[in-house]
Amino acid sequence: MWWRMSSADWRAVPRHEKRDRFRAIVKDGPPPGVLAYDGETAIGWCAVGPRATFPRMRSSRVARPLDAAEGIWAVNCFFVRSGWRRQKLMPFLLKGALDFAARQGAKTVEACPLDTERGLFWGEGFVGIASVFRRAGFVEVARRTPTRPLMRIALTGKKRKKKTTSD
C-alpha cells in the first residue's frame, strides 16, 4: 500500500486499515500483482499495475515519471518469503509481472530498482535489483540518485506467453 497512498495518508492510516484497503483492491480487481507458489504455499510477490494507481510514484524524487504517456505500468515491490530467499525468484516474479502487464494491455513497464555493488541491508531490495531488470531487457531512462535508475521496457510488439505457471 505504500506506493498507493500519499505520505500524509500513510502516516495517518492505521496498519489494520491499510490491510483492509489492500484486501479491497484484491477483491475488486484487477489483481495488484503476481504470486509465486511452491505447491500450495505462496512464496513470492511482485506488485505491478498501471502507473496511475501508484500516486506516490508521481511525487517520488527518484521514481517520478518522465512523461504522462498512456499505457505505462510499474513494477515497484517484491517480497520473497523467508526460507525461499536467495533462490533467484526475483527474475521469475519479474517475468510473471511483465507477462501479466502485457495481457492487460500495458505498452510499457517502468521500475526504479536499487543499483549498487555493495551488499544489501535487510529490506532494501524490495524495489528490485537493477541487474535483474537489465537482464530482463529494461533500459535506464533517467537516474536521479546514484543508486536508483528509472528503467523501462516496451512491451508493444513483444511476444509474451499467455500464462505463466510454476511447480
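The values are calculated or read from the model by the stated rules, or taken from the named source; none is laboratory data. Computed from a predicted structure; not experimentally measured. With ideal geometry, Cβ positions are generated from the backbone for all residues, glycine too; neighbour counts draw on all protein chains shown.
Only one of the numbered conditions (1) part of a helix (DSSP H, G or I); (2) within 14 Å of residue 155 (Cα to Cα); (3) small (Gly, Ala, Ser) is violated by residue 52, and that is (2).
Take the residues of region 1-46 that are among the acidic types (Asp, Glu) and not in a helix (DSSP H, G or I): which is surrounded by the fewest Cβ atoms within 10 Å (Cβ to Cβ)?
To start, the set of residues in region 1-46 that are among the acidic types (Asp, Glu) comprises 9, 17, 20, 28, 38, 40.
Next, only the ones that are not in a helix (DSSP H, G or I) stay: 38, 40.
Numbers: 38: 15, 40: 5.
Filtering region 1-46 for residues that are among the acidic types (Asp, Glu) and not in a helix (DSSP H, G or I), the one surrounded by the fewest Cβ atoms within 10 Å (Cβ to Cβ) comes out as 40.
Restricting region 66-86 to residues that are under 20 Å from residue 33 (Cα atoms) and more than 12 Å from the chain's Cα centre (by Cα), the residue that is surrounded by the fewest Cβ atoms within 10 Å (Cβ to Cβ) is 82. Just one of the listed residues (56, 103, 23, 51) is among the basic types (Lys, Arg), modelled with pLDDT of 90 or more and under 14 Å from the mean Cα position of the chain (by Cα), and it is 51.
Consider region 106-149. How many of its residues are among the aromatic types (Phe, Trp, Tyr) and loosely packed, with under 13 Cβ neighbours inside 10 Å? Before the answer, list the steps.
First pass over region 106-149, keeping only residues among the aromatic types (Phe, Trp, Tyr): 121-122, 126, 133, 138.
In the following step, the residues that additionally are loosely packed, with under 13 Cβ neighbours inside 10 Å were identified as 121-122.
Within region 106-149, residues that are among the aromatic types (Phe, Trp, Tyr) and loosely packed, with under 13 Cβ neighbours inside 10 Å number 2.
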